[in-house]
Each structure stands twice: as C-alpha cells, then as structure tokens.
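The values are calculated or read from the model by the stated rules, or taken from the named source; none is laboratory data. Here the structure is a predicted model, which means the values were calculated and not measured. Cβ coordinates were reconstructed from backbone atoms using ideal geometry, including for glycine residues, and neighbour counts include every protein chain displayed. To get the accessible areas, we keep the full protein, side chains included, count just its heavy atoms, and leave off ligands, DNA and RNA. Shrake-Rupley method; radii C 1.70, N 1.55, O 1.52, S 1.80 Å.
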Amino acid sequence: MDHPAPPPDTSPGMLAPGQRLARGVCRLLRRMDFAPLEEVVPAPGLRTDVMALGPGGEIWVIEVKSSRADFVADRKWQGYLEWCDRFFWAVPVDFPQELLPEGAGVMLADDYGAEIVLMAPEAALPPARRKALTRRFARMAAFRHLTLRDPAR
C-alpha cells in the first residue's frame, strides 16, 4: 500500500529568512481574521509573498524583504499595487526602513509574529478585478488544501 509523503518540515531552522518572516506575517493576519496565502500569482509574471483576504472581502498584499540585498534585488513590487486594496512591506526589526518607498504600509516581523507599524493607505480594487481575484484566491487555496490531504494527486 502506498502512503503519502510526510508534510515538509516547516520548523524555523528549515525555512529561508523570507519564509520565516512570511510565517510571522501570516500569524498576525490570522489574528486579525484575515485568510493569508503565501506565493499567490495575481497575474502572469507576478508572485506576491503573502496575499490576504479580509473578513469584508478586502485584499492585502504583503511583500516580505529579509535584508537590504533582498529589497534591492526585487523591482516587481509596483506591479502588485493594482492587485490589492492595501500594500505592505514586511521587514525584520533591524531592516533599514528608510529604503522603503513611501505610500505603503510597514509590518515588522520575525519567525513567530508581526505588527503593523504603519497602516497602508487604501486604494480600493475595481469590483470586477476584486471578484476575479477573490475567485482565483479561493481556488488556489482549495487546490493547496487538497494537495495536503492527497499529495499523490
């Protein structure tokens, strides 16, 4: 009889720095009654670090940067702005925040949690885009859940 493979080790020592920060961000979002999902592709060529669906249908995107080098290497972030109601940077406490562009929110994160230190301004999504993105988000979450339950499929 075939048995499914065990789930991957997600202990802090086995995750990359950005993954550890994303875990802390997701814990904060869950406490805020948001449904977070990591590595969401809102459009071809874009992959958000964390996207979260709020209790009122609001959509937040959180871009995680673990270091100055990580921030400097990634210039796709502006493409995420049209796919969310609020956009945040999530960085560790020792990150040089003066590097972060204005007009976004800021979360300070670690392996175990996060806090919002600057609320992002709201830029409401157009209704048709919100509907399509919410549907894509739901389907992605459902397929990931099914993969955890039945990894052979």
Exercise. Within 18 Å of Gln19 (Cβ to Cβ) and in contact with a Pro (Cβ under 9 Å, 6 or more places away or on another chain), is that true of Pro92?
Worked result: yes
Seminar exercise, completed: Taking first residues from segment 34-46 that are over 10 Å from Phe137 (Cβ atoms) and second residues anywhere that are β-branched (Val, Ile, Thr) and modelled with pLDDT of 95 or more, the pairs with Cβ under 6 Å that are 6 or more apart or on different chains are Pro36/Val50; Glu38/Val50
Problem set entry | strands (runs of 3 or more DSSP E) contained entirely in segment 17-74, each with at least 2 residues that are over 12 Å from Leu133 (Cβ atoms) and open to solvent by 60 Å² or more (accessible area, probe 1.4 Å) | 35-40
Exercise. So, in segment 85-129, of the ones that are among the acidic types (Asp, Glu) and part of a loop (DSSP other than H, G, I, E, B), which residue ends up farthest from Pro55 (Cα to Cα)?
Worked result: Asp94
Problem set entry | Residue count for segment 116-147, restricted to those that are open to solvent by 80 Å² or more (accessible area, probe 1.4 Å) and of a type in the set (Phe, Trp, Tyr) | 1
Exercise. Hey, among the residues in segment 75-110 that are under 15 Å from the mean Cα position of the chain (by Cα) and among the basic types (Lys, Arg), which one's modelled with the highest pLDDT?
Worked result: Arg86
Exercise. On the given criteria, is Gly113 open to solvent by less than 60 Å² (accessible area, probe 1.4 Å) and modelled with pLDDT of 95 or more?
Worked result: yes
Exercise. Out of (1) small (Gly, Ala, Ser); (2) in contact (Cβ under 8 Å) with a residue 24 or more places away in the chain; (3) over 19 Å from Leu37 (Cβ atoms), what's the single condition that is false for Ala114?
Worked result: (3)
